[in-house]
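See below for the structure under consideration.
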Amino acid sequence: HLSASSLAVLAMLTLSVLGDVDTALCIGEYALKMQEKIESEVEKARTTAILYNSIFPHVKTLQSSLKPYLEGYQSGMRTGNKTYAMWCLSTHSVLIPYMTGKPLKSIEEQCQVCVSQMTELKEEEQSTCTRIIWQLCLNLMGQSNATVELRGRAIDEKENSSSVLGNSTFPIIKTIAYSLFGEYELGASQEISLLTHFKLNGGHFITMMHMFHQALCLYAVAKKNRKTKKYKTRAKILRKKLTASFKRGNPNVVHYVCLLNAEHAAIDQKKDAKDVCKLYNDAIVISARGGYVNDAALAHERFADFLLGNVGDTEEAKYHIEEAIKCYTGWGAMRKVEHLREQYQG
């Protein structure tokens, strides 16, 4: 009964160490077929988590993995593999909905349900990971006095410092908070441990979102510090990695790459403003078409910043700020809406 999960680990290592996507996918598909054939489902939750965390996001949409994660959770609960059952549950009900722009209110409600079950089962690591994302949702919704500090009803990064700061999800969510609330210098300086599960190849798919937001922070700082090349250089490295993943068929980074292309062009003084505007518009359209209302809002916001700072077109900038506010409102991020209105008042 360990054969399928062992193959899943082999697929992950093939991608992580060798960078061979095609072979990793082949091994991963074989692991799934083996799991279907064997009578025991003791390791199904673990096999599911490994493959859909690390391998299949490189070629399949995150939305397509919702059913397998749900089945992994159900299987884990039936067989007593509660650790991987809880990982599958959190990914299915919280992480993927967040990354794909589902309403924050529904995600917040799911966080409560997940944390309750994780606490009951004494799965503290999964509970802390979920609480961290939950608090980000509360901050964005305006149900906390904080913005970039993870402090409120779900968790307090200062009171629970040892468990929170030591959690692998914490630096990722902090970077996202810095990016969304305009604390770009803090986001650009946020360091993350180079553990295997934070690699784009063979690591957890949350790395894609982290790279995107840190690159945005780096580009934003690079605009203000044009003489300092280190920010632009680091941003280019992250953009290059996401672009390479996109070219290999990753459908989950298309909208990320489009906006980073626009941000990269925006600090290139040789680029014509019309060409840069087209790149921003492409990022908006692709994000909106994919249902990523959160990232469409962010693209509108970054475009408005470019129009004000580089072009001087206040009317067009005003339009994109209003569109960003509409998108953030639809997402349920009312504190972010307040933040934008405070930033651009008058």
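What angle, in degrees between 0 and 90 and rounded to the nearest 10, separates the Cα long axis of helix 44-54 from the longest principal axis of the Cα atoms of the chain? With rounding to tens, the tilt is 30 degrees. Considering only K102, K229, K122, the Gaussian network model of the chain with Cα springs below 10 Å gives its largest mean-square fluctuation to K229.
Judged by the ratio a/c of the largest to the smallest principal axis of the C-alpha gyration tensor, the range 229-295 counts as oblate, that ratio being 1.5 or greater while a/b is no larger than b/c. A 1.4 Å probe run over the range 10-70, with the rest of the protein chains in place, finds 48 Å² accessible per residue.
The modelled label-to-label distance for the pair S161/K229, using points 7 Å beyond Cα in the direction of Cβ, is 3.9 nm. So how far, in whole Å, is the C-alpha centre of the range 30-69 from the one of the range 102-152? The distance from the Cα centre of the range 30-69 to that of the range 102-152 comes to 25 Å. FRET efficiency for the pair K326 and R78, taken as 1/(1 + (r/R0)^6) with r the Cβ-Cβ distance and R0 = 45 Å, rounds to 0.55. For the range 130-140, the Karplus equation 6.51 cos²θ - 1.76 cosθ + 1.60, evaluated at θ = phi - 60°, returns couplings of 5, 4, 5, 5, 4, 5, 4, 4, 4, 4, 5 Hz by residue, with Gly and Pro reported as x.
What lysines could a cross-link reach from K326, if we take a straight Cα to Cα line under 30 Å and drop same-chain neighbours fewer than 8 places away? Result set, ordered by chain and number: K60, K102, K105, K174, K223, K224, K271, K274, K278, K318, K336.
Note on R153 and V311: the extension gain reaches 52.7 nm, defined as 0.36 nm multiplied by sequence separation minus the Cα-Cα distance. Candidate cross-link partners of K247 among the aspartates and glutamates, defined by an alpha-carbon separation under 18 Å and a same-chain spacing of 8 or more, comprise D20, D22, D282. With an a/c value of 1.5 or above and a/b not larger than b/c for the gyration tensor axes a ≥ b ≥ c computed over the alpha-carbon atoms, the range 167-263 is described as oblate.
Summarising the label geometry, the points placed 7 Å from Cα in the beta-carbon direction at E120 and I38 lie 2.9 nm from one another. Extending 7 Å from the Cα toward the beta-carbon at both V17 and V254 defines two label points whose distance is 3.4 nm. Please say if the range 244-346 is rounded, prolate or oblate, where rounded means a/c under 1.5 for a ≥ b ≥ c the square roots of the C-alpha gyration tensor eigenvalues, and otherwise the choice is prolate for a/b larger than b/c and oblate otherwise? Since a/c reaches 1.5 but b/c is at least a/b, the shape of the range 244-346 is classed as oblate. Across the range 279-285, coupling constants 3J(HN,Hα) worked out from phi with the 6.51/-1.76/1.60 Karplus curve, θ = phi - 60°, read 5, 5, 4, 4, 4, 5, 5 Hz, and Gly and Pro carry x.
The values are calculated or read from the model by the stated rules, or taken from the named source; none is laboratory data. Because the structure is predicted, anything quoted here is derived from the model rather than measured. Here Cβ is always computed from backbone atoms with ideal geometry, including for glycine, and neighbour counts include all displayed protein chains. Each accessible area value is taken on the protein alone, full model and side chains, heavy atoms only, with ligands, DNA and RNA left out. Shrake-Rupley method; radii C 1.70, N 1.55, O 1.52, S 1.80 Å.
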